[in-house]
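Only one structure is covered here, and it is reproduced in the block below.
The values are calculated or read from the model by the stated rules, or taken from the named source; none is laboratory data. As the structure is a computational prediction, the values presented were derived from the model and not from experiment. Note: ideal-geometry Cβ built from the backbone for every residue, glycine included; neighbour counts use all protein chains shown. Ligands, DNA and RNA are stripped out before the accessible areas are found, and what is left, the full protein with its side chains, is counted by its heavy atoms. Shrake-Rupley method; radii C 1.70, N 1.55, O 1.52, S 1.80 Å.
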Amino acid sequence: MSMIQKPRGTRDFLPEEMEQRRDVEGIMRTIARTWGYREICTPEFEELELFTIRSGEGIIQEMYVFEDKGGRKLALRPELTAPVLRMYVNEGRTLAKPLRWYYFADCFRYERPQKGRYRQFWQFGVEQIGADSALAEAEVILCAHEILAASAISFTLHVGHLAFMRSLLSRLSPDDQKKVRMYLDKKDTRGLEEFLSTLGETDLAFSLTALAGCRDLAGAFAITGDIPEKDRIEELFSILDSAGIGYVLDPGIARGLDYYTGMVFEIFAENLGAENQVLGGGTYRLAHLFGGEETPSCGFAIGFDRVMVSRGERTPPESLIAGVAHTPDGRSFALTVAREFRNAGIRTELALSGKSIGQQLSTIARTADYALIIGKREQDAGRVTVKNLRTGTQKELLINEAIAEVKGSESR
Ligand code: HAM
């Protein structure tokens with residue numbers, strides 16, 4: 001029979017990789033927590049409708065959709081903002097606002113797989129629900145910046161606001177606006193120009209391209225004229241300036257999802273190729289579409305797998321391993337020794353086959369730094385023979401001395 005392979009676009013993770021992923025996840029969690037964000041969890045699958053209401057065509061086409069035995073139309077979550085806001089409407093409406101929630105979870109999108117683009121991938125995200133101010137938006141951006149900086153990758157932060165584009169597009173129908181946003185999100189200038197020329201809007205193509213290339217507020221307002229959001233936008237950027245983080249003002253950000261309403265931001269890793277966007281986020285309103293009150297919200301999601309690709313392969317810090325070789329009449333003491341070593345925080349692996357001590361030692365030597373040898377003599381004396389597998393030296397010690405010996409070498 002031929003070997004069964006994992007589904008296309010999915011990955012297996014060996015322990016070395018998993019340990020590194022958990023370390024980075026831990027960094028992200030710690031920072032989110034210090035900003036007051038608390039972890040939540042939503043189901044892996046949801047009613048299909050949750051995502052068709054406002055997520056946008058792109059996402060809908062990429063969704064894993066299925067029917068369960070009860071005939072319900074369900075979808076594997078392609079992202080978590082809609083699920084989190086559904087949960088907020090179901091469970092969180094009476095909680096004190098603003099709510100600060102974070103998640104680390106897998107998402108599913110039926111995309112063409114390549115490096116950094118998978119069909120199952122993980123997002124680390126935050127959603128801040130029920131605040132509506134420039135400071136609230138700045139907090140989300142600054143928190144994202146701190147998390148990615150602590151993840152040790154080099155990146156560029158782009159911050160924009162949909163009001164710029166919206167003011168130029170207001171004379172188009174909602175459907176045409178959507179199409180324009182899609183071309184902008186894909187950075188497809190040619191497609192955009194062709195589409196607008198079929199509408200007889202060649203001038204608009206010119207202004208949009210100028211806006212997308214603009215990198216300062218004065219220039220952007222010169223193209224759009226005074227817009228109602230002007231003060232709010234200026235306040236946001238002045239907070240970012242005073243926080244001293246580097247960013248690029250980018251009025252061309254359109255975002256691929258349909259629910260954004262105002263500030264939008266994206267972060268790009270400097271050392272990645274085509275799939276270099278490691279974060280997307282912004283302000284949005286979704287609660288009222290799910291049966292709640294209209295609630296201003298703001299959040300982001302980090303493409304965790306892309307952060308890991310950007311960090312590259314790193315050798316994890318080594319942690320010592322002790323292997324326990326034992327004879328049948330030393331077994332009960334071997335179990336005691338192993339327990340004491342583990343209680344002291346040392347990774348301890350018991351030889352599991354009943355082979356000779358020599359054979360056990362050669363197996364242990366493949367992974368361990370120390371061998372703890374326990375036979376009848378050691379059991380009777382309450383002592384352990386500790387063999388340093390790097391130097392070959394061995395000593396017979398009491399359990400606590402043996403622990404000190406191994407731990408001592410760890411800190412050297
Ligand atoms: P998004 O831009 O669709 O936004 O996804 C966020 C990040 O997930 C992307 O920037 C990218 O790094 C990563 N990502 C997306 N698709 C894939 C894939 N196929 N393979 C690997 N990584 C991928 C959202 O999902 C919004 N819910 C973000 C948000 C939260 N907005 C407000 N709150």
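Excluding ligands, DNA and RNA, the accessible surface per residue across the range 292-372 is 50 Å² with a 1.4 Å probe. Between the beta carbons of residue 120 and residue 289, assuming R0 = 22 Å, the FRET efficiency works out to 0.25 to the nearest 0.05. Both radii come from the Cα set of the chain: Rg as radius of gyration, Rh as Kirkwood radius; their ratio Rg/Rh reads 1.12. Here the range 220-277 is treated as a sphere whose radius is the Kirkwood value from Cα pairs; by Stokes-Einstein at 10 °C and 1.306 mPa s it diffuses with a coefficient of 116 µm²/s. With N counted as the residues of the range 158-277, its alpha-carbon radius of gyration over 2.2 N^0.38 Å works out to 1.07.
When shorter helices are ignored and each DSSP H run of at least 4 residues is given -39500 (n - 2.57), the per-residue value for the chain at 222 nm works out to -12000 deg cm²/dmol. Using alpha carbons only, the radius of gyration of the range 283-378 set against its Kirkwood radius gives Rg/Rh = 1.44.
A compact globular protein would have a Cα radius of gyration near 2.2 N^0.38 Å; the ratio found for the range 67-147 is 1.36. Its alpha carbons give the range 124-168 an Rg and a Dmax of 12.9, 38 Å. Each 10 Å bin, from zero up to the one with the longest distance, holds this percent of the alpha carbon pairs of the range 1-115: 11, 31, 35, 20, 3, 0.
Looking at the range 235-392 alone, DSSP beta bridges between its own residues are antiparallel in about 65 percent of cases. Only lysines eight or more places from residue 355 in sequence, or on another chain, were considered; those with a Cα closer than 22 Å are 376, 387.
For the chain, the relative contact order works out to 15 percent when only alpha carbon pairs closer than 8 Å and six or more residues apart are counted. With a simple spin-label model that places each label point 7 Å from the Cα along the Cα-to-Cβ direction, the separation between residue 112 and residue 22 comes to 3.7 nm. Here the Debye sum runs over all C-alpha atoms of the range 131-212 as equal scatterers in vacuum, and log10 of I(q)/I(0) at q = 0.13, 0.16, 0.25 Å⁻¹ comes out as -0.56, -0.73, -1.13. Taking label positions 7 Å along the Cα-Cβ direction at both residue 171 and residue 381, the computed distance is 9.6 nm, reported to one decimal. Distance between the pseudo-spin-label points of residue 318 and residue 226 (7 Å out from Cα toward the beta carbon): 6.9 nm. Excluding residues fewer than 8 places away in the same chain, name every one of the lysines whose C-alpha is closer than 23 Å to that of residue 115. Residue 115 reaches 6, 186, 187.
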